[in-house]
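To keep things clear, I will list the structure first and then write my remarks on it.
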Amino acid sequence: SILILVFFAPLLIFIFLIIKYQTKDKSLYKQERYGFNGKAFFIYKFRTMTASDSGYKIDLQQAVRNDKRVTKVGKFLRKYSLDELPQLINVIKGEMSLVGPRPHAVSHNEIYRYKINGYMQRHSIKPGMTGLAQIKGLRGETKNIRNMKDRINADLEYIQKWDLILDLKILVKTFFVLFKGS
């Protein structure tokens with residue numbers, strides 16, 4: 001993660017400055033999430049939206065396709081997941097891994113833990129910057145409970161089948177998914 005962070009440092013600085021120039025606001029955004037064993041931590045992202053809600057907000061609105069709260073530069077950053085690069089800091093701090101279940105906002109955890117059997121099992125390992133759900137196209141908006149169940153099933157499948165080869169496959173496939181901007 002340190003090597004990736006150093007390699008991408010010029011890009012990170014450029015993104016930081018573009019966001020600062022466009023929004024006249026903070027370029028980095030942090031939100032509380034649950035990590036390994038349900039321990040709370042702050043996830044770091046580049047700001048892509050005009051909103052900066054707490055992860056605890058009860059009626060936290062998920063980002064949706066063509067969301068009016070997404071800034072111009074944010075649309076590009078989100079398309080290629082460049083807004084996620086600051087999470088390399090979370091990896092270095094030991095709060096996240098490169099691969100694992102993506103951490104959800106605290107309020108979403110509190111909702112879905114009672115609606116989906118096995119939901120909290122996803123916290124039996126460190127959350128990741130990318131995961132099996134992401135390469136299966138299960139990222140982004142969850143319009144209904146079925147969408148979230150599919151994502152959780154992919155997370156649980158990852159936990160059950162984990163090995164180093166699977167992580168390497170997910171990292172390679174993530175690169176191609178990001179390159180396509182899907």
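Structural remarks
- Top-ranked residue in segment 107-136 [being modelled with pLDDT of 90 or more and small (Gly, Ala, Ser); ranked as farthest from Ser81 (Cα to Cα)]: Gly118
- Only listed residue being modelled with pLDDT of 95 or more and either of a type in the set (D, E, K, R) or not in a strand (DSSP E or B) (or both), chosen from Leu88, Leu60: Leu88
- Restricting attention to segment 146-165, the residues being touching a residue at least 12 places away in the same chain (Cβ under 8 Å) and either assigned to a helix (DSSP H, G or I) or buried (at least 20 other Cβ atoms within 10 Å of the Cβ) (or both) number 11.
- When Lys115, Lys126, Lys143 are screened for being open to solvent by 60 Å² or more (accessible area, probe 1.4 Å), touching a Gly at 6+ places or on another chain (Cβ under 9 Å) and either among the hydroxyl-bearing types (Ser, Thr, Tyr) or part of a loop (DSSP other than H, G, I, E, B) (or both), only Lys126 passes.
- Taking the numbered list (1) surrounded by fewer than 24 Cβ atoms within 10 Å (Cβ to Cβ); (2) out of contact with any helix residue (DSSP H, G or I) (no Cβ under 9 Å at 6 or more places or on another chain); (3) not in a loop (DSSP other than H, G, I, E, B) in turn, Gln121 passes all entries but (2).
- Within segment 1-39, being open to solvent by 100 Å² or more (accessible area, probe 1.4 Å), closer than 14 Å to Gly74 by Cβ and modelled with pLDDT of 90 or more holds for one residue alone: Tyr21.
The values are calculated or read from the model by the stated rules, or taken from the named source; none is laboratory data. Since this is a predicted model, take the numbers as computed values, not measurements. Don't worry about glycine lacking a Cβ; one is built from the backbone with ideal geometry, like all the others, and counts go over all protein chains shown. Heads up: the accessible areas ignore ligands, DNA and RNA and are worked out on the full protein's heavy atoms, side chains in. Shrake-Rupley method; radii C 1.70, N 1.55, O 1.52, S 1.80 Å.
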